[in-house]
Amino acid sequence: MVIIMRAGASAQEIGAVVKQIEQIGMRAHLSQGEERTIIGMVGNDRPVDRSVFELMSGVDRVVPILRPYKLASRDFKKDDTVIQISTGNGHAVKVGGQQNGLAMMAGPCAVETREQIMESARLVKAAGANILRGGAFKPRTSPYSFQGHGEEALKWLAEARQETGLAVVTEVMAPEQVPLVSAYADILQVGARNMQNYPLLNAVGLSTRPVLLKRGMMSTMEELLMAAEYILSNGNYNVMLCERGIRTFETYTRNTLDINAVPVLKSLSHLPVIVDPSHATGRWEYVTAAARAAIAAGADGLIVEVHPHPAEALSDGAQSLTPENYTRLVNQVRRVAEAVDRTV
Ligand code: PEP
Ligand code: MN
C-alpha cells in the first residue's frame, strides 16, 4: 500500500504515519515528490486495515499497489529517479530523468593491464563517454577462461578515474566483495548471471553505491523488477535497470535485444533504464545499430564494450568496438538522442 499525504503535510503528521506502520510490523519508505510525500508500506503480505491510516491527520488517501514490486513501481514514485554519480573530478553525472543527458558507459569487457585500461579510459572519454566500464572480477562460463585481475584491476580503474575524471562501473560477484569493490568503484554492477543471487542483492542494497542491475538472460521483466525490489527494500534507492539481451532460439546473435523492455520498464518503474548493445548482439558489427535503437526507444544510457585492440582482448573481443567505431557510435547516438529530446 502507499499512503499519499496531503500537500503541505507536516513532518509530525508524516512521522505519526511512519510510527503507525512500524507498530503493525511493516516498514515505511518515503518518497518526496514535487509537492507531496508518499509513504510506501512494505513488509509481509498480511491484509492491513486501511481505515486506520485514512483517518490519520495529514493523510490524503491510501491506495493499494497491485504489482508485486512496490518500491520499484511508478505507483510508489511518479517522477523518474535521477541518480547522482560522483566522478573522478568532483563533478556528478546525473542518470535518469528526461531533462538529463544520457549515461554513456564504455570500456573493455575486462581490465587486462594497467596500460590497457588507461588507454581505454582516455579514448572513450575523448569519444564522449562519461563513465568507464571494465571488469575486475569476471563471471566466465568456463573456469579455465581469464577470471579478472581482482583488486589490482580495481586499483588501475581508480587510477584511470583519477586521471580522466570518468566515473567507474565494475562488477561485484559476491556479497563479501561489496566492501572492496565499493572502495574503488562509483557504480556496482550486478551481472546477468547474478540477477537472482539474493544474498548479493541484499548486500548491494545495504551499500551506499548506485547499482547497475543487469537482466538475467532468461529472466522476465517482472523478475528483473523483483530483483531491483530486493535492493530498494534494503534502503538503496539508486538502482539502474539494464537490458542486455535475453536468450531466444536465434543463433546469429549472442542474445536477442528486447527493445520492448525499454518502454515497458520505463512505464512500470521510475528507475533509469540502460541498454547494453554489446552483450545483446555479441558482434561488434551490430552494436551501433542496436545502440541507436535503444536510445530511440527511450533508454537513459548505454553500456558499450570498447577495446583499444579488440583482436587481442582476453574476453568478448568479437563484440568490442574499436575506439574509432565507438566515436562513430557516439556521433550517431547524439543525433538520435536529439530526435527524442535527449542529449549526449
Ligand atoms: C559484462 O558486462 O562484461 C558482463 C559479463 O555482462 P552480463 O552480466 O550482462 O553478461
Ligand atoms: Mn563482456
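Overview of results
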{"read-out": "Subset tally (residues that are part of a helix (DSSP H, G or I) and within 19 Å of residue 272 (Cα to Cα)) for the stretch 194-229", "value": "12"}
{"read-out": "Extreme residue, surrounded by the most Cβ atoms within 10 Å (Cβ to Cβ), among residues of the stretch 197-242 that are under 22 Å from residue 267 (Cα atoms), of a type in the set (S, T, N, Q) and without any contact (Cβ under 8 Å) to a residue 60 or more places away in the chain", "value": "236"}
{"read-out": "Spans of strands (runs of 3 or more DSSP E) in the stretch 12-69 with at least 3 residues over 23 Å from residue 239 (Cβ atoms)", "value": "59-63"}
{"read-out": "Unique residue being part of a helix (DSSP H, G or I), within 16 Å of ligand 1 (Cβ to nearest atom) and touching a helix residue (DSSP H, G or I) at 6+ places or on another chain (Cβ under 6 Å) when the list is 132, 154", "value": "154"}
{"read-out": "Every residue from the stretch 215-255 that is of a type in the set (D, E, K, R) and under 14 Å from the mean Cα position of the chain (by Cα)", "value": "215, 229, 243, 244"}
{"read-out": "Residue under evaluation residue 101, criteria (1) part of a loop (DSSP other than H, G, I, E, B); (2) under 22 Å from residue 310 (Cβ atoms); (3) modelled with pLDDT of 95 or more, criterion not met", "value": "(2)"}
{"read-out": "Filtered residue count, the stretch 271-294, keeping only those that are of a type in the set (Phe, Trp, Tyr) and away from ligand 2 (no atom under 16 Å from the Cβ)", "value": "0"}
{"read-out": "Hits in the stretch 160-196 (condition: open to solvent by 50 Å² or more (accessible area, probe 1.4 Å) and small (Gly, Ala, Ser))", "value": "183"}
{"read-out": "Verdict on residue 36 being more than 30 Å from residue 162 (Cβ to Cβ) and either open to solvent by 80 Å² or more (accessible area, probe 1.4 Å) or in contact with a helix residue (DSSP H, G or I) (Cβ under 7 Å, 6 or more places away or on another chain) (or both)", "value": "no"}
{"read-out": "Every residue from the stretch 103-141 that is within 14 Å of ligand 2 (Cβ to nearest atom), open to solvent by 10 Å² or more (accessible area, probe 1.4 Å) and of a type in the set (S, T, N, Q)", "value": "141"}
{"read-out": "Selection status of residue 67, open to solvent by 70 Å² or more (accessible area, probe 1.4 Å) and touching a strand residue (DSSP E or B) at 6+ places or on another chain (Cβ under 6 Å)", "value": "yes"}
{"read-out": "Residue count for the stretch 79-98, restricted to those that are in contact with an Asp or Glu (Cβ under 9 Å, 6 or more places away or on another chain) and part of a loop (DSSP other than H, G, I, E, B)", "value": "7"}
{"read-out": "Residue match in the stretch 46-58 (condition: open to solvent by less than 60 Å² (accessible area, probe 1.4 Å) and closer than 26 Å to residue 213 by Cα)", "value": "no"}
{"read-out": "Considering residues of the stretch 295-328 that are among the charged types (D, E, K, R) and within 12 Å of ligand 2 (Cβ to nearest atom) only, the residue nearest to residue 242 (Cα to Cα)", "value": "305"}
{"read-out": "Within the stretch 328-344, considering residues that are of a type in the set (D, E, K, R) and within 22 Å of the chain's Cα centre (by Cα), the one least open to solvent (accessible area, probe 1.4 Å)", "value": "342"}
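The values are calculated or read from the model by the stated rules, or taken from the named source; none is laboratory data. Values in this document were obtained by computation on a predicted structure and should not be read as measured data. No Cβ is skipped: glycine too gets one built from the backbone with ideal geometry, and neighbour counts run over all protein chains shown. Note: areas computed on protein heavy atoms with side chains; ligands, DNA, RNA excluded. Shrake-Rupley method; radii C 1.70, N 1.55, O 1.52, S 1.80 Å.
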